[in-house]
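Working notes, beginning with the structure itself.
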Amino acid sequence: MSTFPSLMHTAIDTTDCRGLAEFYRRFLGLRYRPGDEPPADGADDADWLVLVDSAGGRVLAINKVDTLAPATWPSDTVPKQLHHDFRVSSVEELERQRRRAEALGATLRYDRSDDPDEPLYVLADPAGHPFCLLVGQA
């Protein structure tokens, strides 16, 4: 018997369930939980999708909502409420991953890439959720 609960996944709200799932699937190298793949006929009305890692462990769930105000960070007009921190090993990898994220639909919100101690970018995913991409230690 476990003493503590274990994190099953992080659920993220969006108005475009498949679009946001595709962003994180491609950005993080994840795959769909069996049964959540895009339908072959293109008719997609998904309202809950789960992304898993290469071992099949849940990582993210994407939940469709009718409306969602994107976070306005760094202003707190609409708070970010939750964000992810993604670590990379070098400044070169930081730049490469920033370009990848932007090519997949992310937008730059803050550039601290010249910080000698912890270079980072804050980007927003296509639904407006901020996330940090930084050079850091495990």
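If we count other beta carbons within 10 Å of each Cβ, what is the order of TRP73, TRP48, fewest first?
Details: TRP73 19, TRP48 12.
The fewest-first ordering by Cβ neighbours comes to TRP48, TRP73.
Within region 1-44, none of the chymotrypsin sites (Phe, Trp or Tyr not before Pro) combine a DSSP coil assignment with at most 13 other C-beta atoms in a 10 angstrom radius.
Extents of region 84-135, largest first, come to 30, 16, 15 Å (Cα atoms, principal axes, whole angstrom). Could you work out which residue, out of ARG112, ARG25, ARG58, moves most in a Gaussian network model of the chain, that is, has the largest mean-square fluctuation with Cα springs under 10 Å? Result for the chain, Cα springs under 10 Å: ARG112 fluctuates most. When only Cα pairs below 8 angstrom with a gap of at least 6 residues are kept, region 18-138 shows a relative contact order of 23 percent.
Distance from the Cα centre of region 17-60 to that of region 84-112, in angstrom? If we compute the Cα centre of each part, the gap is 21 Å. Across all Cα atoms of region 10-64, the radius of gyration (one decimal) and Dmax (whole number) stand at 10.2, 29 Å. Equivalent ellipsoid of the chain: semi-axes from √(5λ) of the C-alpha gyration tensor, largest first, are 26, 19, 16 Å.
Can you tell me the FRET efficiency between ALA43 and SER113 if r is taken as the Cβ-Cβ distance and R0 is 35 Å, rounded to the nearest 0.05? The partial results should precede the final answer.
On the way: r = 42 Å, r/R0 = 1.19.
Computed FRET efficiency for ALA43 and SER113: 0.25.
Relative to the dominant Cα principal axis of the chain, helix 17-28 is inclined by about 50°. Estimated from helical segments only, the mean residue ellipticity of the chain at 222 nm is -5500 deg cm²/dmol, where each DSSP H run of four or more residues counts as -39500 (n - 2.57).
Read the figures in this text as sums done on the coordinates, not as results from a lab. A quick note: this is a predicted structure, and the numbers were derived from the prediction, not measured. Cβ: placed from backbone, ideal geometry, glycine included. Neighbour counts: every protein chain shown.
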